[in-house]
1. Select from segment C:363-375 the residues that are surrounded by 14 or more Cβ atoms within 10 Å (Cβ to Cβ) and at the interface with chain A (Cβ under 7 Å from one of its Cβ atoms) and list them in ascending order.
2. Could you identify the single residue in B:Ile219, B:Ile254, B:Ile238, B:Ile228 that is closer than 24 Å to B:Ala123 by Cα, more than 9 Å from every other protein chain (Cβ to nearest Cβ), of a type in the set (Val, Ile, Thr) and part of a loop (DSSP other than H, G, I, E, B)?
3. Anything in segment A:189-215 that is of a type outside the set (S, T, N, Q), out of contact with any Gly (no Cβ under 7 Å at 6 or more places or on another chain) and within 9 Å of another protein chain (Cβ to nearest Cβ)? List them, or say none.
4. So is B:Gly233 buried (at least 24 other Cβ atoms within 10 Å of the Cβ), modelled with pLDDT of 90 or more, more than 14 Å from chain C (Cβ to nearest Cβ) and more than 20 Å from B:Leu61 (Cβ to Cβ) or not?
5. Quick check on segment C:381-390. Is at least one of its residues in contact with a helix residue (DSSP H, G or I) (Cβ under 7 Å, 6 or more places away or on another chain) and under 30 Å from C:Val273 (Cα atoms)?
6. Take segment B:194-204 and flag every residue that is surrounded by fewer than 24 Cβ atoms within 10 Å (Cβ to Cβ), at the interface with chain C (Cβ under 7 Å from one of its Cβ atoms) and part of a helix (DSSP H, G or I).
7. Return a yes/no flag: does segment A:1-18 have any residue that is surrounded by fewer than 23 Cβ atoms within 10 Å (Cβ to Cβ) and within 30 Å of A:Ala234 (Cα to Cα).
8. So which residues in segment A:202-213 are in a helix (DSSP H, G or I) and buried (at least 20 other Cβ atoms within 10 Å of the Cβ), if there are any at all?
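The values are calculated or read from the model by the stated rules, or taken from the named source; none is laboratory data. What you see is a predicted model; the values in this text were computed from it and never measured. Positions of Cβ are backbone-derived with ideal geometry, glycine not excepted, and every protein chain shown enters the neighbour counts.
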Amino acid sequence: MDKKNLLTKRVKSTVYGLSSVVIMLIVFAIFAVLNMFQGISFLSPSNLSTILNQASFLVIVGIAQAIVILMGGINLSIGSVMALTTVMWGDMLLKTSEVNPLIPAAMVILTAAAIGYISGLLITKLRITPYIATFAVMYACRGLAWVYLRNRVIYGVNQAFRDLLVGRLFRVAGFNVTMPMLIALIALLAFFLILRGTTLGRKWYFTGANPTAARFSGINTDRMINIAYTVSSALAGFAGLMYMARLNSTEPGLAGDTHFEAITVSLIGGFAMAGGYGNIWGVAGGAIVVYTIQSGMNMLRLPGELQALINGVLIIFAVYLNQTLSKKKMELDNDLSDARMAQRQHSMLKEGASR
Amino acid sequence: MTSQKRSVRLSGLPNSTYIFIIVFVAASIIVPLFFTPGNISTLLTQACALMLLSTAMSVCLMMGGIDLSLGGVVSMTGVIMAMLLRGGAAPSLAILAGLLSGMVVGFLNGVVVTRMKVPSFIATFGMGGIAQSIANTLSEKRTVSWAAPTETNLLTLLGDNALTVQFGDSAAYTLSISVLLVLTIFIIAVVLLLFYRTTLGSNTYALGANEETARLAGISPNRWKTGIYVGAGFLAAIAGMVLMIRTNSLQPMIGENLEFQAVVAAVLGGNSLKGGKGSIPGAILGALTLFTVRNAMSLSGVNTSVVMVVIGCTLIVGMVINEVVQYYAAEKSKARAGIHAL
Amino acid sequence: MEEILSFDKISKSFPGVRALDDVSFGLMRGEVHAIVGENGAGKSTLMKILSGAYTADTGRMIFEGREIVNNSPKLSRDLGIQMIYQELNLVPELSIASNIFLGQELKQGLFVNKGEQVKRCREALQELGLNISPNTLVKNLSIGAQQLVEIGKALSVNAKILVFDEPTSSLTDSEIQELFRIIRMLKARGVGMFYISHRLDELFEIGDRVTVLRDGKHIMTDRIENVTINGIIEAIAGRKIENLYPRNRGEVGAPMLEINHLSGEAFQDVSLVVREGEIVGMAGLIGAGRSEVAKAAFGIDKYKAGEVKIGGKTVSRHNPQKTKKAGMSLIPENRKLEGLALSLSIRENTVIANLQALNPTSMINRKREEDTVKEYVDKLNIATSSIEKRTMFLSGGTQQKVVLAKWLLGKSQVFIFDEPTRGIDVGAKNSIYELMDELANRGAAILMISSELPEILGMSDRIYVMSGGQVVGEFNASDTTQHQILELAFSNA
């Protein structure tokens, strides 16, 4: 294999591995061009910062979904967990409350984690498929939220708490750097480290890729799945706090479509439904794509209802693309590694001959 | 070995029978107004749409797929029909357009699943979003209503009662069988006839059990799968029509979450998300179970939100009952197979 | 009798293995032709070539006087060649009648003529001498009955050649007699049958001729009257290279693995012991319950009664995490399903069972990990361009070495090897033997399950024989023969 060929393969492999970034660039290009005709600057710093800020919320729910998809499962209860937990502890987060907001915030996350643990038990102990189990949990949580709050809306959140979660940090050249961006970045980094740098992450990938082999390797697969759902749900609780801070209110109907969005984000992000495949940074790409389309369509004054249509097309297209590309990438990587080996041997031979 | 051996057969009842009986009897005992002719007829009419969707869903599940676009298709076809009616189109034409559009979505599902090899879970999930979005966009998310017809036409005919029997004075003692219910039963009967009397049923089970077995038997998996998705789209469109006529207007979000409920009904009825088993009657009983819970609770004045919680719990209890029943059935047949082979 | 099919100089190679080497013999009309040989002797490969699933590298197949060209599963079926596999191709949720007519339903307009199907099916079943309702769902039939339905299905399309692959392995005695009665009936009708079986006594009951394959080569074909069980066993085993099996072991020490009166679904009252520095072979036929014992001992499957001691200590509340901690490793039978995550790399697969030991802080030390994996890749001579290669791209032998590396990396003192060399070439086999020998030399206790007798005899110090879910014999490797073991393995199969 000659050098040029090798280089093309390397470039291709990199591109194939980051399909969410490719999709993101395509989407950006489309909207930039479309908006140009309307005389709106899509790529202006302020618009970009809005996009990144809003996408940050999707990053959190996207990660929550991605880690269970990694395990070959799915979590439909994300949105309803956000609603139930914030509704349960929301009164304590209001301006009028005397309690330190960090206490109810911690309770929100703990309650959410407990719900996730229950989902995990339904899946591992009662052997109910994730789809059905988390659907039941979704129904139960949404229902409980309504039962608990009736038709009231919790409004007027503690300002310091809001600033902590959704405040603006500083402004550079028209670009606002905000807390959600920071939080999303920290979350991505944290999960990158967990998935790539800890034994837990390694076991997650392995369990997702082949649960039988994982069991034969002495991994407690049930426990891995339970942890994944617990963490996923805890993240949902945290996302609920962020949504509540952003909206300055919460109500039982909060985040009604979020499970849908979260699935879209993680699938565009390159996570495979079969489990065991995906890169957490893809979630960032997926989140930006989903929000860019939302805001881009607003700017073009297209009806917001069309949003779901684009999402639907995108999901199908992204999964099709990821499926095709991930297979090609694996083959390319394999060729590349063989080629490198051949080169090494070749140069060693040459060295030997010249001596 | 020549001696007469009876065939080993387990009780043929679908799984959901048990949970349905439990729920139904409990409702009849606890809720005073539940077991009355009036209420039963209301319950049945309310359950029509979900029965149709559960029928479609169980066939999709049995062949090893899933159709999560059903809810979206209900909304979309409903909006299309309602808007055509509002625009003054003849009811028959509006309904035909709705049915066709449902089948088109089903066809697209089939193409994406069989040609692009996208898992049916994702393909139909995405397609459902697309269909719902079309419904929202067309209707601008507002309820679509139309002028009441001045004379008898297809719509008033379908919206009428087929049979009314008075058992007493009050509405509770009036049994009224709606035309919609008759239509639903008729359509389900046709599906059952096709399923159990033509090759549809055996091919569906074969596809769900093992696609390779089906292919070896000369069944074209792609063609049958696409056909089944088209059929599912058709049934969803009928469900959209039923809902539209029953409420005399159409709220574009009407189909939201219906596909989930259909999955739940089918799973309660013994269908598996892994395919290859289950039955249509089981799914229909599952749908009736869900509506029994809902109806009984709303009769007793329970908040709708509590209903959601209870449905979630019913689902889990139902799944556990299914597991237990299956476990004992398997043990039983294992034991029997061990004792005598044939 | 005329020849209906003949194999003419068939050869087939897979990477690293010559599966079939110049094989020629034929099948007569109305003949039951038994094919015997060890696992990997080439029986299945030959039958897969016949069915069109594989293509031969060289050689021809002549069917009814004409060469079969461009064979495919469809073509062979159309010609009337039908396979009855162990894993059955039936739809469990459908009735017998629907299964037999699947894809070729009798129709009346749009509708399936179920009445007619049931009638014809009943006739067919009666012809086969089966008194069973055509409406019975297949999932409610025993495996034996399902097998007969499968035969019925094959007959319904007018099969001229039937291939039985281990048809009796899961049948009861009375079911076997039923099957034989049907085979005799088919014989009378002129159907030619290949009959692959490990149960040699059956061949004398049902077979007309027998062919022995060994290492892909045709060893003999003869009429059954002309041979004895002993003769066949000798032909199956042949003579093997002795120095393939290294033996540098020291003294045998204390018991490391003790299984006492263990009973489960597929085995009853199994007791055995493996001591320090000892390799113990476990011989038996496929389906004798050996792998099931291994899985139960490792904690994968639950068992009903008995106990397992590792290093003298009883393991309670068995699970793989505990047995692993107690110092036990299981190298599983099916490396693709149970051994590896194929989409992950050699590195990720190698360290997976010892993550915590390698990374006590739970943070992965990438450098140490890479060094360790490289060390084992060198030590086991794993042929790869990089430790990042995904295991799906490796050959069978290399994959097996990765599974081995995974378990060698730990501090295990007890190893169960389940068919460690299945489907891999001689060179790789030898290096795996050397590893096992080295482990034993360093004091590990090894239980090796194998269906290859030379391997069992060559590697083991002691040998247990399992048959029908029970341990039926124990030998010292030095004073037993293949013959003795085979006889016992076939004893209550």
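1. Within segment C:363-375, just C:Ile364 meets the criteria.
2. Values: B:Ile219 fails: more than 9 Å from every other protein chain (Cβ to nearest Cβ); B:Ile238 fails: part of a loop (DSSP other than H, G, I, E, B); B:Ile228 fails: part of a loop (DSSP other than H, G, I, E, B).
Criteria check complete, one pass: B:Ile254.
3. A:Leu193, A:Arg196, A:Gly197, A:Leu200, A:Gly201, A:Arg202, A:Lys203, A:Phe206, A:Ala214, A:Arg215
4. Details: buried (at least 24 other Cβ atoms within 10 Å of the Cβ): yes; modelled with pLDDT of 90 or more: yes; more than 14 Å from chain C (Cβ to nearest Cβ): yes; more than 20 Å from B:Leu61 (Cβ to Cβ): no.
Judged against the criteria, B:Gly233 is not a match.
5. The first filter runs over segment C:381-390 and keeps only residues in contact with a helix residue (DSSP H, G or I) (Cβ under 7 Å, 6 or more places away or on another chain), leaving C:381-390.
Filter once more, so that each one left must be under 30 Å from C:Val273 (Cα atoms): none.
Checked against the condition, which is being in contact with a helix residue (DSSP H, G or I) (Cβ under 7 Å, 6 or more places away or on another chain) and under 30 Å from C:Val273 (Cα atoms), segment C:381-390 yields no hits at all.
6. Scanning segment B:194-204 gives B:Arg197, B:Thr199.
7. Filtering segment A:1-18 down to residues surrounded by fewer than 23 Cβ atoms within 10 Å (Cβ to Cβ) leaves A:1-18.
Filter once more, so that each one left must be within 30 Å of A:Ala234 (Cα to Cα): A:17-18.
Yes - at least one qualifying residue is present in segment A:1-18.
8. Keep residues of segment A:202-213 that are in a helix (DSSP H, G or I), which gives A:202-209, A:211-213.
Listed by number, the residues that qualify are A:Arg202, A:Lys203, A:Trp204, A:Tyr205, A:Phe206, A:Thr207, A:Gly208, A:Ala209, A:Pro211, A:Ala213.
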